[in-house]
1. Write down, largest first, the equivalent ellipsoid semi-axes of the chain in whole Å, where each equals the square root of 5 times an eigenvalue of the alpha-carbon gyration tensor.
2. Report the accessible area of ARG199, computed with a 1.4 Å probe over the heavy atoms of all protein chains in place, in Å² rounded to the nearest 10.
3. Over region 2-316, what is the percentage of antiparallel beta bridges among all DSSP beta bridges, to the nearest 5?
4. In percent, what relative contact order does region 2-316 have, based on Cα pairs under 8 Å that are 6 or more apart in sequence?
5. Say the dipole of the chain comes from +1 at the beta carbon of Lys and Arg and -1 at that of Asp and Glu; which of HIS44, LEU154, PHE303 then lies farthest toward its positive end?
6. On a 1.4 Å probe surface of the protein chains, which of LYS238, LYS317, LYS268 comes out largest in accessible area, and what is the full order?
7. Let's see if you can work this out: charge +1 on each Lys and Arg Cβ, -1 on each Asp and Glu Cβ, no other charges. What is the dipole magnitude of the chain about its Cα centre, in debye to the nearest 20?
8. For the chain, what number of Lys pairs, 8 or more residues apart or on separate chains, have alpha-carbon atoms under 24 Å from each other?
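The values are calculated or read from the model by the stated rules, or taken from the named source; none is laboratory data. This one's a predicted model, so the numbers in the text were calculated from it and none came from an experiment. Cβ placement follows ideal geometry from the backbone for every residue including glycine, while neighbour counts extend to all protein chains displayed. For the accessible areas, the whole protein counts, side chains as well, though only heavy atoms, and no ligand, DNA or RNA atoms are used. Shrake-Rupley method; radii C 1.70, N 1.55, O 1.52, S 1.80 Å.
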Amino acid sequence: MRAGFGQFRDATPEYLRFAAQYGATDVLLNGPNLPSTGGIWKLHDLVKLRLAVESFGLNLSAIENVPTWFYDDIMLNGPRRDQQIEHMIITIRNMARAGIPVFGYNWMPSMVWRTEPELIRCGAVATAFDDDEAQKLPLTHGREYGEEEMWGNLEYWIRIITPIAEEEGIRLGIHPCDPPVPALGGVPQLLRSFEAYRRLIEIYPSDSNAIEFCQGTFSEMQGDDIYEMIRYFGERRKILYVHFRNVSGQVPKFHEEFINTGYVDMYKAMTIYHEVGFDGFFIDDHVPQTFEDTAWGHRGRAFANGYIQAMIEAVTKGA
Ligand SMILES: [Mn+2]
């Protein structure tokens, strides 16, 4: 188990030096700003990203997210679906051939939703969500989409892309829909429960059909047990990497928290990853905004990453 930094877009010397200085081994780039011709990322651009990360003694362990417009018609069965699938196949093949072993993406046509932020300890600013407020907002994609309709779109994609990913030796995983409520803006938040993830991995059983395990979002799932989900998917080798963050509670209403002040016992969680033999990396995902921190949150992230490093040490030394 290893500690990483992620959630920055570009492989700049500043971010990479920061990650290396704090003792990370792994880097995840989220939605890198690469030139795209009609929704394709080119092989040589992806190779250059990996080389930039490696020049700081770090591993480019995953890319998280391509622009939503690369595959929105795949999620919603729009008119450009087949063309987008063709382009995504090329991009995913290029990632694999560039030596990037994992691609994490999401199934949220409307992205992550939050309502008014909340002030937590001593005025630190945390994102928050209240479904009563969110449900007052208008449709995002012109109409209401059906639950089984959306499952059909997901199944169509998974059955096409998984064997291609297997052939290329790249593992794919989907981030849960955050917040995990039934629908937002008329679009079902499909991957919002333990049950939905069991259904996803059964569509096409394969190491290449896996999970971008945002522990924060899994912790937000109403009525589901976070420790049981870590154990279940961890034992099945479905967890590609972990967003190790904490929240106050489950939907319909929650706010984000410092890594060690949410409702989840992070030591207990880390112990389970260790017990099931998880051998990937952890990043902080998001952190509360504190005094004079940067927009990206260097201070908050250094705190969270140090906590992750200490937790890994504690469980692997059998403390
Ligand atoms: Mn996440």
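1. In descending order, the three semi-axes are 27, 25, 20 Å.
2. About 80 Å², ignoring ligands and nucleic acids.
3. 30
4. Values: 621 pairs, mean separation 51.7, N = 315.
The value is 16 percent.
5. Of the candidates, HIS44 comes out farthest on the positive side.
6. Largest accessible area first, the list is LYS317, LYS268, LYS238.
7. With only Lys, Arg, Asp and Glu charged at Cβ, the dipole is about 800 debye.
8. Numbers: LYS136/LYS253; LYS238/LYS268; LYS253/LYS268; LYS268/LYS317.
So the count of such lysine pairs works out to 4.
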